[in-house]
Amino acid sequence: MPKIRCKWAESDPLLISYHDKEWGVPAHDDRLLFEMLNLEGAQAGLSWLTILKKRDNYRAAFDDFSAGAIARYTSAKKTLLLKNTGIVRNRLKINAVIGNAKAFLEVRRELGSFDAYIWQFAGHRPMTAAERERAVAISELMSKDLKKRGFRFVGATICYAFMQAVGIVNDHAANCFRAKIVARLSR
């Protein structure tokens, strides 16, 4: 019997793999949270499939999303990034990752971990699809606070997609085979 999955994930093997293994699983690793926030920002105006295809290139180009390394990037490194055909070569998005690294490190200095900071918006527990209105409101609050702290490419829509990706909200379709699995992981 074929697996039923969220409709958005059915069109490409890379999307299927991402959906079946990662999407919606509660993430608490600071490095992964930083990576996903920046990849969601890189997606602005593009498809998620475009970013997934470039994900390994992003990891290589941005030192596996080590915020400490990225925060020290020089103008020479920025120039190299702008020439890197393996990533989205958008000056604003590249500068955002570098600025986000600095803001991320400041959040960690202030609060101990990015995980503690980002999950506090949802009360440190994943939300269900039934809590959509609350999740949307939280994405707006998260966006405002991130921007206040100096993060860029973190509008409310990007924050909501980030929340879905890292399991702050479980938005798997009710009939998706991953919905119940992710719900169990959320306990």
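Throughout, read-outs are computed from the coordinates displayed, never taken from laboratory work. Bear in mind the structure is a predicted one, so any value in this text is a computation, not a measurement. Reconstructed Cβ throughout: ideal geometry from the backbone, glycine too, with neighbour counts over all protein chains shown.
In table form, for the structure just shown:
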| read-out | value |
| --- | --- |
| Degrees, to the nearest 10: 30-43 long Cα axis against longest axis of the chain | 90 |
| Estimated inter-spin distance, Arg91 and Arg132, nm [label 7 Å along Cα→Cβ] | 4.0 |
| Farthest positive-ward along the stretch 7-185 dipole, Cα basis, beta-carbon charges - from Thr79, Ile94, Ala60 | Thr79 |
| Residues His19, His172 arranged by fewest to most Cβ contacts within 10 Å | His19, His172 |
| Contour minus Cα-Cα distance for Asp64 and Arg184 (0.36 nm per residue) | 40.3 nm |
| Ranked Ser186, Ser75, Ser17, criterion: other C-beta atoms within 10 Å, fewest first | Ser75, Ser17, Ser186 |
| Rounded tilt (10° steps) of 48-61 against the dominant C-alpha axis of the chain | 40 |
| Cα gyration tensor, the stretch 1-103 - rounded (a/c under 1.5), prolate or oblate | prolate |
| Value at 222 nm in deg cm²/dmol, rounded to 500, when DSSP H runs of n ≥ 4 in the chain each add -39,500 (n - 2.57) | -19000 deg cm²/dmol |
| Cα-based helix-to-principal-axis angle, 132-148 vs the chain, degrees rounded to 10 | 10 |
